[in-house]
1. Scan the range B:85-94 and tell me whether some residue there is more than 14 Å from chain A (Cβ to nearest Cβ) and among the polar types (S, T, N, Q).
2. Would a scan of the range A:294-308 turn up a residue that is modelled with pLDDT of 80 or more, in contact with a Ser or Thr (Cβ under 6 Å, 6 or more places away or on another chain) and more than 11 Å from A:Lys256 (Cα to Cα)?
3. If you check A:Glu324 against the conditions, is it open to solvent by 20 Å² or more (accessible area, probe 1.4 Å), charged (D, E, K, R) and closer than 30 Å to A:Asp270 by Cα?
4. Report, by residue number, each residue of the range B:49-101 that is in contact with a Leu (Cβ under 9 Å, 6 or more places away or on another chain), modelled with pLDDT of 85 or more, in a loop (DSSP other than H, G, I, E, B) and open to solvent by 20 Å² or more (accessible area, probe 1.4 Å).
5. Checking the structure you have, find out if any residue of the range A:48-63 is surrounded by fewer than 22 Cβ atoms within 10 Å (Cβ to Cβ), under 49 Å from the mean Cα position of the chain (by Cα) and closer than 25 Å to A:Pro244 by Cβ.
6. Take the conditions modelled with pLDDT under 80, open to solvent by 30 Å² or more (accessible area, probe 1.4 Å) and in a helix (DSSP H, G or I) and apply them to A:Asp393. Does it pass?
7. Working only within the range A:229-254, note down all residues that are over 13 Å from A:Ile285 (Cβ atoms), open to solvent by less than 20 Å² (accessible area, probe 1.4 Å) and not aliphatic (A, V, I, L, M).
8. Just checking, how many residues over the range A:699-720 are in a strand (DSSP E or B) and free of Cβ contacts under 8 Å to residues at least 60 places away in the same chain?
Amino acid sequence: MEIEDDEILQGFIEESLEHLADIETDLLAIEAAGQNIDEELVNKVFRAAHSIKGGAGFMGLTTIEELSHSIENVLGMIRSRKLIPTPEIVNVFLLAADQLRNLIKDIINSNEVDISSHITPLSSIADGSFEQPAAANGVASDTNAETVTEQTPPGPLPEKNTTTGIQGKVDASLRVQVSLLDSLMNLAGELVLSRNQLLQSINSTDLRHREAVGQRINLITSELQEAIMLTRMQPIGNVFNKFPRIVRDLSSKLSKVIDLTIIGRKVELDKTIIEAINDPLTHLIRNAVDHGIETIENRRKYGKPENGQIILKAYHAAGQVVIEISDDGKGLDGEALGASAVKKGLFSVEQVKAMSAKEKVNLIFMPGFSTADEVTDVSGRGVGMDVVKTNLDQLSGQVDITSEINVGTTISIKLPLTLAIIPCQIIEAGGERYAIPQINLEELLRIPAAHVKERVEKVGDAEVVRLRGHLLPLIRLADVIDIERTYLAPDTSQYQIDRRKLLHDRRGMKSPLFKDTDKPKIHPPVIDNPSQRSVTDRRYTASSALNIIVVSTGSMKYGLVVDRFLDSEEIVIKPLGRHLKQCKGYAGATIMGDRRIALILDVNNLSIMANLTSIDGSDRAADVAREEEKAALTKIEMQSLLTFKSSEKEHFGVPLNQVERIEKINRSDIESPGGKRVMKYRGGSLNLICVDDVSQVEPLADHDSYHVIVFTLCNKLVGLLSTGPIDAAEVPADIDDTALVQPGIMGSVIIDGQTTMLVNISEIAQSLFPHWFEGKNIKVLS
Amino acid sequence: MIKEHSEKSSTLSELATFYIGDALCGLDILQVQEVNKLMQMTQVPQSPECVLGILNLRGQIVTIIDLGKKLGSGKTEITGDTRNIIVNSPDGPVGLLVKKIGDVIQANMNHIEPPPANMGDVQGKYFTGVHETSSSLIGILNLDKVLCIDE
C-alpha cells in the first residue's frame, strides 16, 4: 500500500493509539458496571471507535475501518440499551481492540490482514445470534492462548517484538501541554532579556547591577531546567492502565477472583523511566496474580475472603518515586527459600542460618536462584526475579520485598524522578575528581589514622573493614582504575605517590620486625613520648585517615577507598565518546562548576572489575569470621609489644595495649621516701617499680635519665622504670611460655634476633602492692 | 561523506594543514568544526593509549585523541603551538591533538596521488592521498580511519 502523506499518517497512528489506550480501561469499567450502563463511558468508547473509523476511511485503510465500524455498531446497541454488556461480550471487544492496535501499529500491511475472526462474533452480537456460553468458551480459550504466550517471562512483551519502524517513530514524539510550552517560551524570553542585561552590565562598572543580573540568570536557569524536565514527565498511569486488563485475563484463566486497586496514577516520572519500568512491573503483577494470590479453595481454607486483593500504588517519598505492589496472598516462605538456596549451592547452610528473615525473602533476587524446574510452592515467585532486579538496577532503582506467610507480600520499588540530573557525591582520587551517584551511596566513612590498623584487615587478597560488627570488602579506587595511589602529604598539602601496599600497614618506620626494602633505613629516633611520634610519622597524621565511601549496588555493599571527600552536587550526566566506551568503570561524565570534567563512576562495574561479587564478598566475610573465632579460641593473635631495656643486655617487652603513656624523666626526679621509689606526677606521687624488683634479672642500669612506662592497674597508676631505646613491634603471639618463665615474666619471644622477655606487669605490681588487689587500699594517687 | 561529496561536485577544495610529528597532514576544511587550544583536559584512567583525555567544549564532552600516538609517530609534546582540531564524528565531536597548525591551502582534488606505504612515521593506511605543493607534500587524512577504534 502506498501512503502519500507521511505526516497525516503519523498523526492518525498517534491519535488512534491514544484512543485505544483509553478504550481498554473504559471497556473494563463497562464490564464492571454490567447492567447499570454508564452512558458517558459507552459514549466515550463509541466516539473513539468512531474517530478511528473516520480517519481510516479517509486514508483508505479498509480493514481498520471495517473492524472499528463493527465495534462501533455493537457499542451503539449498548448505548441505546438494546444489549447488556456481559463479560463475554466485553471479551470480544477487548480482543477486537487488541487486533485494532496491532493493525494500526503495522499500518502498511493492515489491509491484507484477515479479521473475520473478530468481525464474525461482533456481527453475531449485533444481530442477536451470539451464543454466549459457547462463544464465551471459545473466546476464553482464545484469551488463554494469548496470555500464555505473553506470559513467558522475562523479556519484552510480544507486542514489542512486532513493532515496526513506524512504531519507533511514534515513540520519538511526545505530547506536551500547551501551557507548559507557553511557560517555556516565556522563560526563554526572560533568558534573552537577562543576557542583554548581562552584556550591558559587563561594560558598566556597577557591581551591584551585575550581581542582580547574575541572580536573575540563576533563577531563570533553574526554572527553565525544571520546566524542561516537566516536559519529559509523564503520569505513571500510562503504565498502570494496562494492568487491569492483564489481571483480569490472567485471573480468569487461573479461576481466581482478584480485585486490582490502583492508587497514584497521576504520579509523574521521566519518560525514559516510564518506558523502562513497563516490563518489570508487568512481571511483578503477573507474579502476584499467578503465584501470590491463592486459588479460591485455598483462600477459603485459610478463612480469607474469596476475592484476592492486589494493590498497585505509586507515591512520592524523599525525592524519589515509590511503587508498591502488595497482595494478600500466601506470601513467601523464607525458610523454604533459604533451603532452596542451599540446595542450589548458592550459599552454605551456615550462611543461610545467619540471614535475617528479610534477607531470606530477598534471596529470590539472586541471579541463578530462579530456574524453570521450580514448580513447587516454594518456588513460585522466583521466576525471572533477577531479571526484574537487573532492569531496575539499570534505572538506578532499588527493590525490596517484605512478606509474611499467608498474609501477603509487598514489593516496593524506589525510582529516581529522572535520570538526566542526579545528585552525586564528589570525591577525589589521584588528583582528579569523580562523581558517585547518591543513589548508590550508603554512607561516608572516615577511619582516623590511629584506628586504621585495628579496623582494616586482610583476608586472602582482599582487604576488609569492620563496620558496626560487619565486615565490608574494600576496594581502592586507584587500583581498580589503575592510577597511581596518592596521599595528601601533611606538610605540603600536595599529593604524593603512596607506596604502602596495605591500607592497614601502619608499622613504625623503625620496627625491627618489618624492614622496608624499598625505603632507606631511617635511623630510629628515640621516642620521647608517643605524641611526638604522631607528628613526625605521616601515617598517624589526620590527613592519613582512610576515606571510605560505602556504596551499594543492590546486591552487595562495599567500601571504596578514595583520597578525599568533596561536596555533594547535582550533576548533569553527559555521555562519553565512543573511544571511551571500553572503559567500563564510568557511567558518563559531568561538567563541574569550574568547567572541568569529572567522570561519573559506575559502582556496579567497579565491583566487577575488582572481582568482587556478592557471594564472594560474603564468603570472605565468613572466612574472616571463622578466622576470628579460631583466634578467639586459641588466643593466638598478632600482638603489639612495647620493647624496652632495663639493664644493658636484657630486652623486655610489654603488651602495647596495657601502656598508658611514656614519660622521660631525670634520675633526680626519683624520690625514695620510706624505701619506696616515687616521682611527682600530675600533682601526686607515682609509684615507680623495676623489673628486677620481683624478677631475677639484672638490676636497672645506672643512667642519668629514664623512661617511665606508665600503666594503669586497679584504677591506679604505676610507672615502670626503664632505659631506652623504646620501640614498638608486632609479634605473633605464640609466646614461649616455658623457657624463661619466672615471677614477673610470663614468657619470651624473639624479636629481631633478640630474646625478649615479656613482663607480666600485673604480677609484679601484685607482689609489690598486694593490698591494691585486695581492694582495701589507703594510698590513692590523684 | 562530505568529503566524497565535495570531491565530486568541485575539483577544488581547501585543506586545513597541520603537523603530526614532522609530517605535514591535511584535512578537508569542511570536516573541521573548529580549532582551539584548550588544554585543560581531564584524564580518563584505563582509556585507550591514544586518548589524551576529555575536554569540556561549551557543555559537550569531547574526547581528545593524540594524533601523534594514534598514527604511530609518538607522543605529542604540549607546547604553545599544540592545538585541538575538533571534527564531527557520527557520535559527537572528537578532538585531534596536533603539534602545530599550518595554513589553509587550496588543492585540486583531481591531482591527488595515492598515498605511499608510509609518510614519515605515519602509516599509509591513514591517508586517502597525497597532495603536492611547490614546497611540500601534504598527506590527506582519512578521517574515518583515524577515528576508528583499534581492537
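The values are calculated or read from the model by the stated rules, or taken from the named source; none is laboratory data. From a predicted model like this one, the values you see are computed outputs, not experimental measurements. All Cβ positions, glycine included, derive from the backbone under ideal geometry; neighbour counts span all protein chains shown. The protein model used for the area step is the full one, side chains on, heavy atoms only, and it has no ligands, DNA or RNA in it. Shrake-Rupley method; radii C 1.70, N 1.55, O 1.52, S 1.80 Å.
1. no
2. no
3. Taking the combined requirement at face value, the residue satisfies it.
4. Listed by number, the list holds a single entry, B:Lys99.
5. yes
6. Yes; evaluated as a whole, the condition is true for this residue.
7. Matches in the range A:229-254: A:Gly237 only.
8. Within the range A:699-720, residues that are in a strand (DSSP E or B) and free of Cβ contacts under 8 Å to residues at least 60 places away in the same chain number 9.
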